Amino acid sequence: MADAEPKGVVVGVDGSEPARRALDWAMTEAELRGLPLYVVTAQPATPGYAVLAPGPHYQEDLERVLAELRIRTETTVAEVNSARERPFGGQAVVQVYSGTATEVLLGMSERHEMVVVGSRGSGGFSRLLLGSVSTAVVHHAACPVLVVRS
């Protein structure tokens, strides 16, 4: 990421329903703050695959996966935006990275105003708990974090 990139609101999106709710909240936060919105998704590297298919094959496959992920993320942004009562009127930038969601979001937290993530509770007592990504981001981010619960 370029150092000249304006500070903004970052939201982690993985296509899940909690992430879609987080995206909706992040759109509102970005508009209220007059900041750009960075919609971020990540694809963890697969080191075992790199050993089985070294060199250009791995790089080509990774680039294809990241391109497909970008399309899915852009589609998610369009769907969430069209479902809003008032469509998002700010600048939204989709960014796709190779790496874990936690490491990408923590890295971005060092350069931006806020990170928004969805909670991953799934019934019973686990509803009281955050998912592993949201927990790590809450505990280690360099900026404020908003966790959107269902």
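The values are calculated or read from the model by the stated rules, or taken from the named source; none is laboratory data. Note that the structure is predicted; figures quoted are calculated from it, not measured. FYI the Cβ positions are ideal-geometry reconstructions off the backbone, even for glycines, and counts take in every protein chain you see.
Here are GLU113, GLU85: which of them is surrounded by fewer than 16 Cβ atoms within 10 Å (Cβ to Cβ) and more than 11 Å from the chain's Cα centre (by Cα)? It would help to see each step written out before you state the result.
Details: GLU113 fails: surrounded by fewer than 16 Cβ atoms within 10 Å (Cβ to Cβ).
Within the list GLU113, GLU85, the selection yields GLU85.
Results for (1) within 18 Å of SER16 (Cα to Cα); (2) in a helix (DSSP H, G or I); (3) at pLDDT 95 or above, shown as yes or no for each residue.
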{"site": "TYR38", "(1), (2), (3)": "yes, no, yes"}
{"site": "ALA45", "(1), (2), (3)": "no, no, no"}
{"site": "LEU66", "(1), (2), (3)": "yes, yes, no"}
{"site": "MET108", "(1), (2), (3)": "no, yes, yes"}
Within the range 1-35, tally of residues that are at pLDDT below 95 and hydroxyl-bearing (Ser, Thr, Tyr): 1
Unmet requirement for TYR58, which otherwise passes all of (1) surrounded by fewer than 16 Cβ atoms within 10 Å (Cβ to Cβ); (2) out of contact with any strand residue (DSSP E or B) (no Cβ under 6 Å at 6 or more places or on another chain); (3) modelled with pLDDT under 95; (4) part of a helix (DSSP H, G or I): (1)
Residues (of a type in the set (A, V, I, L, M, F, W, C) and at pLDDT 95 or above) located in the range 68-91: ILE71, VAL77, ALA78, VAL80, ALA83, PHE88
